[in-house]
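Since every read-out is calculated from the coordinates, none of them should be taken as a lab result. Here the structure is a predicted model, which means the values were calculated and not measured. With ideal geometry, Cβ positions are generated from the backbone for all residues, glycine too; neighbour counts draw on all protein chains shown.
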Amino acid sequence: MIACLVKACMPPNITHLMGFFISLIRSASAYPFRNLSLFVVLILLCFEVPPARAEVRTVTVGVYENAPKVFTSETGKPSGIFIDIIEHIAKSERWKLRYVSGTWSEGLDRLAKGEIDLMPDVAYTADREKIFLFHKIPVLTVWSQVYARKGSRIQSILDLNGKRVAALDKTIQLETFTRLTNSFGLKIILVPVPDYKTEFTMIASGKADAGLTNRLYGLMYARKSGLEDTPVMFDPAPFYFAAGKNVSGKLPEIIDRHLSEMKINPQSVYYAAMKRWTSEEVQFKLPLWLQMLGLGLGVALVMSLAGGLILKYQVNARTGELKLINQEMEQRIDERTQALQVTNSKLQVALENLAVAKEHAEAADRMKSAFLATMSHELRTPLNSIIGFTGILLQGLGGAINEEQAKQLKMVKNSANHLLSLISDILDISKIESGQLSVFFESFNLKDSIFKVVQSVRPLAENKGLFLSVEVADDVEEFTGDVRRVEQILLNLLSNAVKFTQKGGVRVKCQRNAGNYVTSVTDSGIGINGKDIGGLFEPFHQIDTGLSRNYEGTGLGLSISKKLVELMDGTLQVDSSPGKGSTFTFTLPNVIDSV
Amino acid sequence: MKAKILYIEDNEQNLYLVTFILEKHGYEVCAATDGQEGIDMAARILPDLILLDIQLPRMDGYAVARHLRTNPNLATVPIVAVTSYAMAGDRDKALEAGCSGYIEKPINPDTFIQQVEQSLTKQEE
């Protein structure tokens, strides 16, 4: 609260006093009464300070090489614990620092001559008190320690007897060491060195057996230099900034004030610097073979990684290609599948259509058969009357008729019979085409049947002046088959033979051949051309349309006959030469004989 | 004495034709125009021969034949089917139903009397 007020009323060029002022405020809690008087003094001081006196003060500081307390860094910048602390103080006090590098001795000389204001890292002695000013709070306290090459086997101060020991000249450290060795009666060969770096180099190269240094420097550089610490430690000494006797501005007091302040606060620059510079820097050097191995392994690892990456890239590329191919394949398969499905459905539709068509065809076929059967029946019924009554009249059952009437009635009778045979043929062919025609097997006398049919045709042949001969072998008698159909076949063949023969005659022969009965009808008629024989047994076939006018008939007879023969497991063959005549031969197996 | 023949037939012309022929040849003919009438008449007059049309209205010839055969008085009377049916198996069906013969329509006036006499003769045998 007070600080804020003060800051508000202060001109900007005197804010450098703020730090000091605030620190007083803080310490005020411990000394309330003293604080009050100080406060008053400071207030007055603030207003008394004229702007011209606030110029930046330059403080000259000596630097020498004693890391980590004070040294010049690789970049040429002064560094170390003392430097961190003085720079912090300078920042607070708005000092400008100027560094002057040199050896330890040079530094002390310059300080004594007043060429520099402050020399860091100076141990207090009564002699130095005479020529330098010391502040009261030590910056740090450091033990001195003896360092030697590795494996030196120096275990106590006694082991140093007769050894060459390197040390910085004009140091308290050296004074104390000399006092110590003297008291043990040891003989030491002192090797003076300008700085610790030179000292460590000499020990490492064998120009000295051991050396004195502070523990801080040893911790930092012994291992790097190939040295090790010995158990010989001595003289824990406090170190200060030393100021020239004639230096102005109460530098020691200001330094003390800051140190006391910093030492209270664990977060202060002081502790940060201590931590930064005194932590043992562990340098761990790997053996060459391990480094080479590591390098090799690293190279191998990098190569394998690179190889792996390349491989992965290639695999990815190949995988991509494969995926692409796969996709294409899938697409193709999909397309094919779809095409197949389309084809399949078309096929299905076609099959269904076909099934429907088949159904229709079969239905139509059944209807046709039924129609034909019905028609045949319906046509026969009136024919029954025509044929019946014509017959009655011709027989004279209805009374006497004259010759002319008899002739006319015969014409009616013939026409009616012809119509009847046409109807029968149509009925037969319809039965054949619808698969309803079947034959019945019964035993009958084949010889009798042949003579009966021949007799029925004989009038026709005689009317045309043709001969009609029959030759039936003696062993042709009982035969098992459909008598009605056998007679129908023979009648058809004989009718055709008579129909297509104008001169000569017809010869019927029947004989047994093994288990078969072979019947042939040979005529001396017009014959059949070779090219016409193939279609001879087709339904509705009558060779030469011109013939149909000369020869009446439906053209169904031969196809019916052939079918009937086949139904009885026989064959019907033709042998013909145009103009000379034809021979139709049907062969029927005797079912009883063959069994 | 000439035999007594029962003719069951619904077609008038056929009935007339057959009756005329049979009567001209001296047979006694009784006619029925449907199945039931035929069955009743057969049971009453006990004919020597029954000529049976197959295509009859209501009860067909096969049913009539089976009925006739159930009458023991008519068990040995020959029944001849007279029909224009010429499809496969018609003959078998007629024989199965109890017919003893089969004459195809249209009848042949020249051979019809011969066929009738054969049927009567068979029965006598």
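Spatially, segment B:5-25 and segment A:146-172 are offset by 170 Å when compared through their Cα centroids.
In plain terms, the C-alpha convex hull of the protein assembly as shown casts an average shadow of 87.5 nm² when viewed from every direction.
Principal-axis analysis of the Cα atoms of chain A puts helix A:269-278 at an angle of about 80° to the longest axis.
With the Kirkwood sum run over all distinct C-alpha pairs, segment A:462-501 has a hydrodynamic radius of 12.2 Å.
In chain A, a dipole from Cβ-located charges (positive for Lys and Arg, negative for Asp and Glu) runs towards its positive end, and of A:216, A:191, A:493 it is A:191 whose Cα lies farthest in that direction. Principal axis extents of the Cα atoms in segment A:438-594, from largest to smallest and rounded to whole angstrom, are 45, 30, 23. The C-alpha atoms of chain A define a longest principal axis, and helix A:288-395 lies at about 20 degrees to it. The GNM of chain B, with springs linking C-alpha atoms under 10 angstrom apart, assigns the highest mean-square fluctuation among B:92, B:40, B:110 to B:110. What the Cα convex hull of segment A:355-404 gives, in volume per residue, is 64 Å³.
Restricting attention to segment A:437-496, which GluC sites (Glu not before Pro) occupy a DSSP loop and are surrounded by at most 14 other Cβ atoms within 10 Å? Intermediate values should be presented prior to the final figure.
Working: sites: A:442, A:462, A:471, A:477, A:478, A:487; in loops: A:477.
Of the GluC sites (Glu not before Pro), the ones in loops of segment A:437-496 whose Cβ has at most 14 other Cβ atoms within 10 Å are A:477.
A DSSP coil position with no more than 14 other Cβ atoms inside 10 Å describes the following trypsin sites (Lys or Arg not before Pro) in segment A:228-263: A:245, A:250. What angle do you read, to the nearest 10 degrees and between 0 and 90, between the alpha-carbon axis of helix A:81-93 and the longest principal axis of chain A? In chain A, helix A:81-93 runs at an angle near 80 degrees to the longest axis.
Have a look at the DSSP beta bridges in the protein assembly as shown and tell me what percent are antiparallel, nearest 5.
Bridges in the protein assembly as shown are about 55 percent antiparallel.
Remark: segment A:91-170 projects, on average over all directions, an area of 8.4 nm² (convex hull of Cα atoms). The distance linking segment A:285-343 with segment A:113-128 is 73 Å (Cα centroid to Cα centroid, whole angstrom). In terms of overall dimensions, the C-alpha atoms belonging to segment A:470-544 reach 40, 28, 22 Å along their principal axes, ordered largest to smallest.
Think of chain A as a dipole: +1 on every Lys or Arg Cβ, -1 on every Asp or Glu Cβ, centred on the Cα centre; then among A:481, A:141, A:317, A:141 lies furthest on the positive end.
Taking the Cα centre of chain B as origin and assigning +1 to Lys and Arg Cβ atoms and -1 to Asp and Glu Cβ atoms, the resulting dipole is close to 220 debye. For segment A:268-351, the list of GluC sites (Glu not before Pro) that fall in a loop by DSSP and count at most 13 other C-beta atoms within 10 angstrom reads A:280, A:281. Between A:451, A:270, A:122, the Cα set farthest toward the positive side of the dipole of chain A (charges on each charged residue's Cβ, about the Cα centre) is that of A:122.
Kindly list the residues of segment A:118-135 that lie in the label zone of residue A:112, defined by a backbone N under 17 Å from the point 7 Å along the Cα-to-C-beta vector. The answer is A:118-120, A:122-134. Each Lys and Arg contributes +1 and each Asp and Glu -1, all at the Cβ; summed about the Cα centre of chain A, the dipole is approximately 3940 debye.
Over chain B, the pair-distance histogram of Cα-Cα distances with 5 Å bins from zero comes to 2, 12, 24, 28, 22, 11, 2, 0 percent, rounded to whole numbers. Under Stokes-Einstein, with the Kirkwood radius over Cα pairs as Rh, the value for segment A:56-278 at 37 °C and 0.692 mPa s is 182 µm²/s. At 222 nm, what value in deg cm²/dmol follows for chain A if DSSP H runs of at least 4 each add -39500 (n - 2.57) and the sum is divided by all its residues, to the nearest 500? Counting only the DSSP helices, I get -17500 deg cm²/dmol.
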